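This report refers to the structure that appears directly beneath it.
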Amino acid sequence: MAEPTTLERLRQDARDELSALIELRCRLGEDPWAFLPELPSVDEQVVATLREERLHSERWSPARARAYHPTARRGAVERFEFEILRDIAIDHPELSTAVWSMLGRVPTAW
């Protein structure tokens, strides 16, 4: 059997992570009808994972520190989040739809 591509592996990992989260929340007594609509899609979960990995890279870590610094200019966080998500979309065009859907929901305290 052929080795799955990186994106396929990331999607499988995201499915496994979401399944585990759903099971945990159900075991804790939460109603799936209440929380399932709030969960990210598989591709959104992949984008979140890629974003998290980039935040710890030499390229993005200093930029994040500047953007989230208390003295940063207004809009610095939004510009930083746009750039990091745009970078993911460029590297993984298959995730572009998920990236752009997430741009409208960029929290300032991720």
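Rule-based calculations on the coordinates, nothing more; no lab input. The structure presented is a predicted model; accordingly, all values stated were derived computationally and were not measured. When we count neighbours, we look across all protein chains shown, and the Cβ atoms used for this are built from the backbone with ideal geometry, even at glycine.
Observations, loosely collected:
- Using the Karplus relation 6.51 cos²θ - 1.76 cosθ + 1.60 with θ = phi - 60°, the per-residue 3J(HN,Hα) values for the stretch 36-41 come to 4, x, 7, 6, x, 6 Hz, with x marking Gly and Pro.
- Computed P(r) (all Cα pairs; the chain; 5 Å bins; percent): 2, 11, 19, 19, 18, 14, 10, 6, 1, 0, 0
- Cα centroid separation, the stretch 13-36 to the stretch 44-85: 27 Å.
- Sites residue 22 and residue 53, calculated FRET efficiency, Cβ-Cβ separation with R0 22 Å, nearest 0.05: 0.40
- Karplus (6.51, -1.76, 1.60) ³J(HN,Hα), θ = phi - 60°, over the stretch 86-95, in Hz, Gly and Pro reported as x: 4, 4, 5, 5, 5, 6, 9, x, 5, 9
- Summary: within the chain, the longest segment free of GluC sites (Glu not before Pro) located in DSSP loops with at most 14 other C-beta atoms within 10 Å is 59-110.
- Sequence-ordered 3J(HN,Hα) estimates for the stretch 71-78 from the Karplus curve with 6.51, -1.76 and 1.60 and θ = phi - 60° stand at 9, 5, 5, 4, x, 5, 5, 4 Hz, glycine and proline given as x.
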